[in-house]
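Everything on this sheet refers to the single structure shown next.
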Amino acid sequence: MLIRSLALTTTCIALFAGCATLSNDQREAIKRGQGIYVKECAQCHGPTGAGGGEASLGLGETPPDLTRLSERNDGVFPREFVRRFVLGLIDKTNPDAAMPEFAKVGLAHVYPKGGADGEVLEADFADLLEYLESIQK
Ligand code: HEC
């Protein structure tokens with residue numbers, strides 16, 4: 001019993017410490033980024049980023065688990081890689097893979113009428129990266 005409540009206390013402290021390191025601005029950015037994720041990425045990468053989106057079947061290649069980007073990169077969130085990959089600035093190992101090049105298509109579901117001329121706004125992209133970093137396991 002003592003051990004259990006001790007564990008609970010430790011978990012609470014750890015959770016609180018985790019939250020306390022996020023500023024309100026960051027929390028807002030993560031929320032905005034999640035909105036973009038849901039519209040542009042979830043259909044393939046799944047509702048939580050772990051894969052299994054409804055459009056992920058039959059793509060030829062399974063969309064990777066986006067909650068483990070840090071794990072696959074020695075525990076560090078590979079921000080620049082993700083930015084470049086999503087914008088389509090990295091040569092693909094599989095040129096037939098279905099992932100859109102967002103620098104070309106823009107955030108079409110967020111701005112259906114091609115808001116801001118359909119380009120990917122730096123601020124929106126920063127929010128998306130904040131969200132992706134926040135879901136790392
Ligand atoms: C039409 C389906 C589809 C959509 C929409 C999509 N992706 Fe992907 N994504 C894939 C597939 C398939 C791959 C793996 C194949 C490849 O390398 O292109 C991939 C790969 C990735 C990778 C590389 C991961 C790694 O470890 O190599 C990242 C990062 C990524 N996607 C992020 C995103 C983000 C962020 C969005 C939304 C802005 C998004 N994807 C939208 C299908 C999709």
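No value in this document is a laboratory result; all are computed from the given coordinates. Keep in mind the model is a prediction, meaning the values are calculated, not measured. Neighbour counts run over all protein chains shown; Cβ positions are idealised from the backbone, glycine included.
Scanning residues 5 or more positions from Tyr111 or on other chains, none has an amide H under 5 Å from its amide H, with H placed 1.01 Å from N in the peptide plane. Here the average projected area of the convex hull drawn through the C-alpha atoms of region 23-134 stands at 7.2 nm².
Tell me the trypsin sites (Lys or Arg not before Pro) within region 19-65 that lie in a loop according to DSSP and have at most 10 other beta-carbon atoms within 10 Å. Present the calculation step by step, with values, prior to reporting the outcome.
Values: sites: Arg27, Lys31, Arg32, Lys39; in loops: none.
When the trypsin sites (Lys or Arg not before Pro) of region 19-65 are filtered for loop state and at most 10 Cβ neighbours within 10 Å, nothing remains.
For Thr62 and Ala126, the FRET efficiency from 1/(1 + (r/R0)^6), where r spans their Cβ atoms and R0 equals 30 Å, is about 0.65.
Exposure proxy check: Thr48, Thr93, Thr62 ranked by fewest other beta carbons within 10 Å?
Taking fewest neighbouring Cβ atoms as first place, the list is Thr93, Thr62, Thr48.
Sorting Ser134, Ser23 from the fewest to the most surrounding beta carbons within 10 angstrom yields Ser23, Ser134.
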